[in-house]
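Visitor: The structure is given below, and queries will be raised subsequently.
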Amino acid sequence: MPTRRTVLKLAAAVPFVLARAPLMRAAGPRVVVIGAGAFGGWTALWLARRGAQVTIVDAWGPGNMRASSGGETRVIRGSYGDRAIYTRMAARALQLWAEHEREWGRQFYVPTGALWMFGQDDTFATASVKAMAAEGLPSERPAVEDARRRWPQIDFGGISSVMFEPKAGYLLARQSCAHVVDRARAAGAAYRVAAARPFEPTRSMSRVALEDGGSVTADAFVFACGPWLGRLFPDVIGARVRPTRQATFYFGTPAGDTRFHEGTLPVWVDFGERLIYGIPGNAQRGFKVADDTPGPDFDPTSGERETTDGEVADARAFLRRRFPSLAGAPLLGGEVCQYENSPDSHFIVDRHPAASNVWIVGGGSGHGFKMGPALGELVSGLVLSDGTPDPQLRLSRFGK
Ligand SMILES: Cc1cc2nc3c(=O)[nH]c(=O)nc-3n(C[C@H](O)[C@H](O)[C@H](O)COP(=O)(O)OP(=O)(O)OC[C@H]3O[C@@H](n4cnc5c(N)ncnc54)[C@H](O)[C@@H]3O)c2cc1C
């Protein structure tokens with residue numbers, strides 16, 4: 001009889017194309033993926049394609065309004081300063097988003113390009129350009145004067161340099177999460193709405209208990225529960241995944257005015273004392289403006305998601321300065337989501353220290369969404385091959 005380790009390794013060896021056939025399911029290990037956001041959904045899809053018998057469990061559904069993957073859009077970019085691991089991952093993710101779009105005949109990635117605007121310090125740009133070149137991702141450093149001519153709808157006051165990333169753009173967030181789970185099901189995965197209970201695993205785990213009194217048995221478990229990871233694993237994760245409140249606003253542009261649409265204006269990032277970014281067009285939801293600075297602690301289950309007058313005023317003050325012709329634009333809507341920050345904003349991909357078949361995947365820290373396809377590929381490979389993650393992603397980096 002093969003050991004669990006042999007079964008997992010055999011499943012990992014199944015070639016990608018063959019593994020797409022649901023018929024392979026019967027031979028593969030049983031893996032439960034808890035959490036169907038960007039991280040869990042893509043992991044489940046890759047696992048199912050690679051021959052595992054996958055069950056996806058989510059408390060509220062893929063890309064739900066409480067999840068960090070909820071909402072309409074997310075930025076995809078390769079610029080990460082000197083954090084080369086993420087430029088590499090983003091390059092792979094860009095390739096995989098494009099491949100999946102072709103396979104599915106659906107568009108989730110809108111390539112608008114991204115304009116980065118810097119005040120005094122642009123060391124982030126210098127390091128990003130180098131790292132992107134190493135991964136074959138193009139970048140440009142136009143003079144501010146050229147940028148001013150190209151995008152007259154932006155006030156470049158206080159900006160001393162810019163960077164343009166042609167392959168960057170935005171992704172449709174909640175819609176792609178739902179689609180990925182649908183595709184995982186088409187590849188043989190089962191899906192159910194249920195909530196996993198917090199627990200303390202010991203050695204190898206065989207079942208996860210659910211809040212409804214039921215349970216799911218498996219050979220391996222992937223917990224991709226975003227901002228809820230600390231609640232599920234109070235000892236191992238606890239405050240190491242800190243949910244913070246993040247407000248996003250959508251302003252209305254003038255009727256028939258294409259200056260603030262994708263195609264005319266790229267995704268933009270104002271890299272000053274605070275990092276403020278936005279998405280033009282934004283799937284017809286309005287001109288998106290958000291502050292990337294981590295906000296106060298937030299409870300992802302019971303937190304009220306209303307924006308405050310102060311937050312709206314801050315967003316307006318920014319618009320007045322950087323996009324003066326939108327100074328009086330009507331507010332079409334606001335959303336409160338939460339980041340799930342790790343202490344160093346690196347992702348967390350590791351086994352539970354007390355149970356080798358329990359994987360913890362999260363800590364997206366405000367930049368995880370774009371990586372879904374690449375992270376799912378990585379995690380599914382680790383789970384099926386009993387592999388060892390990159391030390392930068394492991395729990396041991398936090399010490400005891
Ligand atoms: C406002 C905002 C803007 C962002 N902008 C960007 C961006 O521009 N680019 C980018 O790449 N990233 C961005 N991010 C970050 C990115 O969205 C997240 O890092 C990523 O979506 C996290 O995905 P996840 O799957 O780890 O978590 P989630 O999407 O939160 O998924 C976790 C899932 O687990 C489920 N769950 C939780 N507990 C249980 C349980 N006990 N049992 C069963 N299911 C459970 C939840 O229902 C949820 O569906 C942004 C995030 C926010 C909030």
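Visitor: Within the group Glu273, Glu335, Glu311, Glu306, which residue is within 25 Å of the chain's Cα centre (by Cα), surrounded by 13 or more Cβ atoms within 10 Å (Cβ to Cβ) and either away from the ligand (no atom under 11 Å from the Cβ) or assigned to a loop (DSSP other than H, G, I, E, B) (or both)?
Guide: The match here is Glu311.
Visitor: While we're here: Return the pairs, sorted by first residue and then second, in which the second residue is more than 14 Å from the ligand (Cβ to nearest atom), the first residue lies in the stretch 245-274 and is on the phi > 0 side of the Ramachandran plot, the beta carbons are less than 9 Å apart, and the residues are 6+ apart or on different chains.
Guide: Gly263/Gly281
Visitor: As an exercise: evaluate Arg66 against (1) near the ligand (Cβ under 7 Å from one of its atoms); (2) surrounded by fewer than 22 Cβ atoms within 10 Å (Cβ to Cβ); (3) more than 27 Å from Phe249 (Cα to Cα); (4) not small (Gly, Ala, Ser) and give the number of the one condition it does not meet.
Guide: (3)
Visitor: Restricting to the stretch 130-151, name every residue that is free of Cβ contacts under 8 Å to residues at least 40 places away in the same chain, more than 17 Å from Gln95 (Cα to Cα) and not small (Gly, Ala, Ser).
Guide: Those that are free of Cβ contacts under 8 Å to residues at least 40 places away in the same chain, more than 17 Å from Gln95 (Cα to Cα) and not small (Gly, Ala, Ser): Lys130, Glu140, Arg141, Pro142, Val144, Glu145, Asp146, Arg148, Arg149, Arg150.
Visitor: Within the stretch 357-400, work out how many residues are in a helix (DSSP H, G or I) and either out of contact with any Pro (no Cβ under 9 Å at 6 or more places or on another chain) or at positive phi (or both).
Guide: 15
Conditions tested, residue by residue: (1) under 21 Å from Phe369 (Cα atoms); (2) surrounded by 14 or more Cβ atoms within 10 Å (Cβ to Cβ); (3) hydroxyl-bearing (Ser, Thr, Tyr); (4) at pLDDT 95 or above.
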position	(1), (2), (3), (4)
Val75	yes, yes, no, yes
Gly78	yes, yes, no, yes
Arg88	yes, yes, no, yes
Arg102	yes, no, no, yes
Thr123	no, no, yes, yes
Ile159	no, yes, no, yes
Ala178	yes, yes, no, yes
Val181	yes, yes, no, yes
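Visitor: OK, next. Within the stretch 188-231, restricting attention to residues that are more than 11 Å from the ligand (Cβ to nearest atom) and aliphatic (A, V, I, L, M), which residue is nearest to Trp60 (Cα to Cα)?
Guide: The qualifying residue nearest to Trp60 (Cα to Cα) is Ala190.
Visitor: Follow-up. Please give the strands (runs of 3 or more DSSP E) falling wholly within the stretch 173-255 in which 2 or more residues are touching a helix residue (DSSP H, G or I) at 6+ places or on another chain (Cβ under 6 Å).
Guide: Fully inside the stretch 173-255 and qualifying: 220-223, 242-251.
Visitor: Same structure, new question: If the requirement is being over 17 Å from Ala36 (Cβ atoms), of a type in the set (Lys, Arg) and not assigned by TED's automatic domain parsing to the domain that holds Asp299, which of these qualifies: Arg203, Arg148?
Guide: Arg203
Visitor: For the stretch 276-304, which residues satisfy the criterion of being of a type in the set (D, E, K, R) and touching a Lys or Arg at 6+ places or on another chain (Cβ under 8 Å)?
Guide: Asp291, Asp292, Asp297
The values are calculated or read from the model by the stated rules, or taken from the named source; none is laboratory data. Keep in mind the model is a prediction, meaning the values are calculated, not measured. Every residue, glycine among them, receives a Cβ derived from its backbone with ideal geometry; neighbour counts consider all protein chains shown.
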